[in-house]
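Read the figures in this text as sums done on the coordinates, not as results from a lab. Nothing here was measured: the structure is a model prediction, and the numbers come from that model. All Cβ positions, even for glycine, are placed from backbone atoms using ideal geometry, and neighbour counts span all protein chains on display.
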Amino acid sequence: MILDFPTIGEPHYAQAMPAELIKDKQVKIYKIDDNNHPYVTKGEKEARVIREGNKVHVYMTSIRSHFAPDNIEGVKMGDEVYFHVTNLEQDWDVPHGFAIKGAANSELLIMPGETSTLKWVPNRVGIVPIYCTDFCSALHQEMQGYVRVSPAGSTVPIKFSLGESAPVAAE
Ligand SMILES: [Cu+2]
């Protein structure tokens, strides 16, 4: 990795070719039903966060213009977090990106109907933003969310939600 920031948000690396070379070979609709990825999330109702020891698996979806879930609690220092992000878009020209602030590796670019995984090892306690890195619509800038990282040994349970500005504190 030579350069990771600022993110390359728009696909300006196009090359020209005669349309007839690809006209009859292109796929326009990517059916989510055809996605057999082991970590696929086929709809927002299936979106979830599961702890397995110190591994946290986030089954996340992206569609214009939000992630589900977009608010995650219960991640702790010492965890390895795996964001399995499924792009629920099925139209061929709507990729979504995924990044988490401060990640030591790259961002994802997830094509329509596909699933990709980003591994993240938190390195500090606090609130960490996640965001889309590919210009996907006029509301692209709103496509973001948060993960709260608690201290190692914390008893904060795994919780996740969509669209809540502040998760309700556990009693
Ligand atoms: Cu997006």
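For Ile158 and Arg48 in the same chain, what is the full-extension length gain: residue separation times 0.36 nm, less their Cα-Cα distance, in nm?
Between Ile158 and Arg48, full extension yields an extra 38.6 nm.
When you count, for each residue, the other Cβ atoms within 10 Å and take the mean per peptide, how do 128-139, 44-55 rank with the highest first?
Descending packing order for the listed peptides: 128-139, 44-55.
Can you flag which of Lys31/Lys119; Lys28/Lys119; Lys76/Lys119; Lys45/Lys76; Lys42/Lys76 are past 22 Å Cα-Cα?
Exceeds cut-off: Lys31/Lys119; Lys28/Lys119; Lys45/Lys76; Lys42/Lys76.
Using the Cβ atoms and a cut-off under 15 Å, what net charge is assigned to the surroundings of Ala152, where Lys and Arg are +1 and Asp and Glu are -1?
For residues surrounding Ala152, the net value is +3.
Please give the peptides 90-100, 30-40 ranked by average Cβ packing (other Cβ atoms within 10 Å per residue), highest first, as a rough proxy for protection.
So the order, starting with the most tightly packed, is 90-100, 30-40.
What percent does the relative contact order of region 27-156 come to when contacts are Cα pairs within less than 8 Å and at least six residues apart? Don't skip to the answer; put the middle values down first.
Details: 331 pairs, mean separation 35.6, N = 130.
Relative contact order of region 27-156: 27 percent.
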